[in-house]
Each structure stands twice: as C-alpha cells, then as structure tokens.
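Here's the structure we're looking at; comments come further down.
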Amino acid sequence: ATMLRFLGPLLCLWALRLPARTGAVGRGLDVASYRERVRAMFYHAYEHYLESAFPYDELRPLTCDGQDTWGSFSLTLIDALDTLLILGNVSEFQRVVNVLQEGVDFDIDVNASVFETNIRVIGGLLSAHLLSRKAGVEVEAGWPCSGPLLRMAEEAARKLLPAFQTPTGMPYGTVNLLHGVNLGETPVTCTAGIGTFIVEFATLSHLTGDPVFEDVARKALKALWKNRSDIGLVGNHIDVVTAKWVAQDAGIGAGVDSYFEYLVKGAILLQDKELMSMFLEYNKAIKNYTKFDDWYLWVQMYKGTVSMPVFQSLEAYWPGLQSLIGDVDNAMRTFLNYYTVWKQFGGLPEFYNIPQGYTVDKREGYPLRPELIESAMYLYRATRDPILLELGRDAVESIEKISKVDCGFATIKDLRDHRLDNRMESFFLAETVKYLYLLFDPDNFIHNDGSDFDVVVTPYGECVLNAGGYIFNTEAHPIDPAALHCCRKRKEEQWEVEDLMREFYSQKKTKKFTLKRAPDHGEGENAKDLKDASSEKAGEKRNSKKSSHSLLSCPSQSFNSKLAVLGQVFLDNT
C-alpha cells in the first residue's frame, strides 16, 4: 500500500495514455543507427561548448566563442546535465555536478528573465538533483529532501520571489538577482511568463517543506484563470498590476503556450483535479474559436474573430500535450499538418501563413526548436506509428545538413536559403537532442513503465523513486513525480503521530503508556545520520525565514521591443 501511494502519479500518467497501436518500426528505418547519430550530434555540440564557450551561457558556433544570454549561469551546462544521464554518461554527469557547485553563483547583479531562469536553471537543477543517485553521485544523508543541487535550485527560486509581489499575484517578467524588481520595471508580462511555474515551484515546496513556492505559482495560475474572457480565452500579454489585457490575441503559441502545458502537467504531477478542470475548460474554448481543419489560428480573445491565420513553430508542442490527456486521434491529425510544413522547408519556420502556405516576412528562421520532435516522442509512445520515427529521421538529416558547422550547430536564420546565425541556444542540448534520442531509444530508463523502481529511506520513511512517469518541464527536464511524496508525511499520518505524542505525554506521569519500536529498516548509524540531516534541514528552514526581499526592479527589454518580436505579424495585413 505504501508503494502504491508513491506510485500514484505514475499510474495516473499511464492511465491517461491510450493503448499503443501496433506498427512496423519506422518502415525499415534503422532506429539504432539514428540513435547513435543523435548521440554524436550531442557530443559535437557539447564538446565545442566546453572547449570554446564555457563558462558563458551559450556557444556561438560560427565564431567558436561564447556569450551570456539569460543571466551568466553557464546555462548550457545546466541545461545539458540530465541529457548526459539519458545518454548514459554518468562520469561526465558527476563531473558537471561538481563544476556547478563550485562555479555557479546567483548572488550577482544581473537582470534575469523570471520565466527562463525558472524553466532552464531551476528545472535543470531539480531534475539533476532527483537523478543524482541514479547517476552514481554520492548523495548526502536525507536525500532527496536535501542536497547541494536542491539548495542551489532553492536559492535561485528565492531570487525570483520578489517578482511575485504584485497586487494580482502575477509576476513581473524580469528581476535583478541582487536587488529585486526596479521601480521602473514594466508591469506587462506574457501569459506564459505568469503561468509556467507550478511544476518547478511545487516540486521545490514538496522537497524543501517550504510552501511559499507552490503558493505563489498557484496564485499566478488562478489570477490568469480569473481574468479569462467571457468566451473562455486568455490573451497574450497582461498588466500584472492592473490585470488589464494589453495584447488580446488568443492562441496556443508564443506568449501563451506553456501556461496550458503546465495546467496539464501540474495536474498530473500533483494529482490536482482543479488544474485539469481548468485546462479542459480552456480546451473547449480553444476548439470552439481557434481550431480550423486541425490547424489552430489566433483570434481576438473577447470576440473570437480571427486576427492571425498563422501557425507558429512554438505551437508544435500541442499534439504532445493532447496525447497526455488521451486525445491521440486529434493530436495525430494536427501533428501531420505541422509535419507537412517541416517537409516543405526542412524545419519549422517561426511563423507560417496558413492560407498562403509560406513563411511570414522576417519570421523565416528555425533556431533548432524541439516542439515538433517533442510531440513525435509523446505520440510514438502512445501509438508506435512509424511516421513519427520518420519525422525524427528527417530532423536528424535536416539539422546535420543545414545547421552543423565546425564548432557545433547554428541557428538557421532563414529556411529558404539556409543562411545561419551565430547562436546555439541551450535548449538544443536540453530539449531537441534529448527528445530525438528518446524517440529512438525505446528502452531508456525515462520510459520505465513502473516495473522497476528504487526504494530509498528518508527522514520521513521509505520512498519509491525512479519508477517512471517522469513529468518533463517545458525545457524537457524530467521530474520524478514520486519524489514529491518523499519529504513529508501525509497529514493524516502527522495527526496520528501528534495524537500518539499527546497520549504519551498525558500518561507519562503515571507510566502507563509505552511506545512500541517500529520495525528495523536499516537503523543505527544510518538512521542517526538521517535524523541529524533532518534537524539540520529544520535549522536551514528557520534561518531562511529571516531573509527578506525588497520590492525593487530592474530595466528590461521594453514592452514595445517585446511586441516587436511578434508585432510584425500582429500588424501585417498581408
């Protein structure tokens, strides 16, 4: 019964999947060969990052040097860490864990994206923390409820908390890691930048015992829900102080995407019916107003009238998300639409005009995004349809042919003529390569069906880990849902203990009460270490409460510049 409780999220995730359909493996496609080619892609990029760019955030593959982009965290190293383990490289995983502990500092005067820091840094550190024991790292007593990577993730998350100190509970988009949020900071944030915290922050709260992280993430989610339109849609950008929608285009793509993703994944991770109910209501409105012939358009959030007949590459996550709620047939039809665009260009342009069947001006690039490959991976697990392996094959061929250079893989600036840009985003190693590898590696531990698992002892009792059912955050960092049950007693158990203790102290004077010793589960020195670790953790929590965060701000990209990223298409009548 104890193990079933820990395996609950895993069983839920598998219950959401439809039975796999039989099918030929890739219509003669050599899966093992492509898996090894993906492995070689990873190391070509990773080794050149280490040689030419570390400790900067990202590799510049055309000039063989590095640049800081999202905050000077050696970001590619954090983002690539769990991919190393998925590829089976435990020795490099162990080395990088030590490097990060020694070299990453969050107490710096840097303006950081709240959204990107959460999904890349906090997500990457949490995933690596939970995978450390599997990777052969010598974990400390009390793990997974304590550990250096968990402490780093908590430190980074605390740096983001001042952004949530708004009248609505919706966070600012940028925070200074040293000073907080500047008084001049724009209050306008995109919807995804508000609703993409529950996976990482709830995991943090469950592992550390501090509810503040999950609380602020839930408050932000509910604020968006409260401010949806009468027809059930949300816009693209909102003022986090006044809750007024600034950009009123509703869709499933850029600026909105991972909000919907985290309602589903948060529901699975936390077994939360309310979150799933919210998503299903949104899903009805999305189908009613934005779906046309298995494409999803952009519409005005209050009226439902079409504002942009455009497919954005970021929308390609949607079929994978549909598969998680069991809507596989609709997911496959939409996936095949998106796959036709890939075949047309050898990649997904950032924006694609659906009626014209061509790219949108100044949005012709492909920065090696993972979303279509991500959906292929999910759908292949659900259907075994060989066409999904063919997408993987095409992705490997295209990326190697167009994007590979001497020092790594370069962003494709224009899919029409294959011009390149001098950037390799960290998500290439965190997501694109990872999802490709998992597509071609059906026996990877990530795909565990619950038949294999580990039982670990924590200060709170026995705990089941590594049973599968991993929840990927939006940067493809896998979170073990069973871990959320490791670091606290269930409330009813806590009440039982409190009742026993009250009875003990009330009867102690008369010496009529005795406590029976629990069965031995490897006690002795190990148990003493665990108790010491528990006491130390409690001390850390008490000390952490003494710290305070000022509501300051920092200059960031102005809202006008943010709109300029999307604005050409919003305003383009052609």
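The values are calculated or read from the model by the stated rules, or taken from the named source; none is laboratory data. Being a predicted model, the structure only gives us computed values, none of them experimental. Note: ideal-geometry Cβ built from the backbone for every residue, glycine included; neighbour counts use all protein chains shown. These area figures cover heavy atoms from the full protein model, side chains too; ligands, DNA and RNA do not enter into them. Shrake-Rupley method; radii C 1.70, N 1.55, O 1.52, S 1.80 Å.
The set of residues in segment 134-177 that are among the small types (G, A, S), in contact with a strand residue (DSSP E or B) (Cβ under 8 Å, 6 or more places away or on another chain) and part of a loop (DSSP other than H, G, I, E, B) comprises G142, G173. Answer yes if at least one residue in segment 428-451 is over 26 Å from D30 (Cβ atoms), out of contact with any Asp or Glu (no Cβ under 6 Å at 6 or more places or on another chain) and open to solvent by 10 Å² or more (accessible area, probe 1.4 Å), and no otherwise. Within segment 428-451 (the criterion being over 26 Å from D30 (Cβ atoms), out of contact with any Asp or Glu (no Cβ under 6 Å at 6 or more places or on another chain) and open to solvent by 10 Å² or more (accessible area, probe 1.4 Å)), the answer is yes, since at least one residue qualifies.
For segment 77-90, the condition holds for at least one residue, the condition being that it is within 23 Å of P478 (Cβ to Cβ), of a type in the set (S, T, N, Q) and outside any loop (DSSP other than H, G, I, E, B). Whether any residue in segment 397-406 is among the acidic types (D, E), surrounded by fewer than 24 Cβ atoms within 10 Å (Cβ to Cβ) and touching a helix residue (DSSP H, G or I) at 6+ places or on another chain (Cβ under 6 Å) is what I want to check. No, segment 397-406 contains no residue that is among the acidic types (D, E), surrounded by fewer than 24 Cβ atoms within 10 Å (Cβ to Cβ) and touching a helix residue (DSSP H, G or I) at 6+ places or on another chain (Cβ under 6 Å).
Of the candidates L372, L389, L368, the single residue that is open to solvent by less than 10 Å² (accessible area, probe 1.4 Å) and either within 24 Å of E51 (Cα to Cα) or in a loop (DSSP other than H, G, I, E, B) (or both) is L368. Scan segment 76-130 for residues that are open to solvent by 10 Å² or more (accessible area, probe 1.4 Å), within 21 Å of G193 (Cα to Cα) and of a type outside the set (D, E, K, R) and the total you get is 4. Just one of the numbered conditions (1) in contact (Cβ under 8 Å) with a residue 12 or more places away in the chain; (2) touching a Leu at 6+ places or on another chain (Cβ under 9 Å) is not true of E92: (1). For segment 294-313, residues that are within 20 Å of L372 (Cβ to Cβ) and part of a loop (DSSP other than H, G, I, E, B) total 3.
Kindly establish whether L348 is under 23 Å from E47 (Cα atoms) and in a loop (DSSP other than H, G, I, E, B). Here the answer is no, as L348 does not meet what is asked. Do the conditions hold for G253, that is, is it over 16 Å from P167 (Cα atoms) and buried (at least 20 other Cβ atoms within 10 Å of the Cβ)? Considered against the rule, which asks whether it is over 16 Å from P167 (Cα atoms) and buried (at least 20 other Cβ atoms within 10 Å of the Cβ), G253 comes out as yes. Give segment 178-198 a look and list any residue that's assigned to a loop (DSSP other than H, G, I, E, B), modelled with pLDDT of 95 or more and surrounded by fewer than 24 Cβ atoms within 10 Å (Cβ to Cβ), or say none. The answer is L178, H179, E185, T186, P187. Assess whether Y380 counts as being without any contact (Cβ under 8 Å) to a residue 60 or more places away in the chain, among the aromatic types (F, W, Y) and touching a helix residue (DSSP H, G or I) at 6+ places or on another chain (Cβ under 7 Å). For Y380, the condition - without any contact (Cβ under 8 Å) to a residue 60 or more places away in the chain, among the aromatic types (F, W, Y) and touching a helix residue (DSSP H, G or I) at 6+ places or on another chain (Cβ under 7 Å) - is met. Among the residues of segment 256-301, how many are open to solvent by 50 Å² or more (accessible area, probe 1.4 Å) and more than 19 Å from I471 (Cβ to Cβ)? Number satisfying all stated conditions: 7. Exactly one residue out of R158, R133 is among the basic types (K, R), more than 25 Å from F427 (Cβ to Cβ) and surrounded by fewer than 24 Cβ atoms within 10 Å (Cβ to Cβ), and it is R133. Counting just the residues of segment 52-74 that are among the hydroxyl-bearing types (S, T, Y) and part of a loop (DSSP other than H, G, I, E, B), which one comes out farthest from A157 (Cα to Cα)? Only one residue fits best here, namely T63. For E400, the conditions (1) farther than 16 Å from A40 by Cβ; (2) over 25 Å from the mean Cα position of the chain (by Cα) are fulfilled apart from (1).
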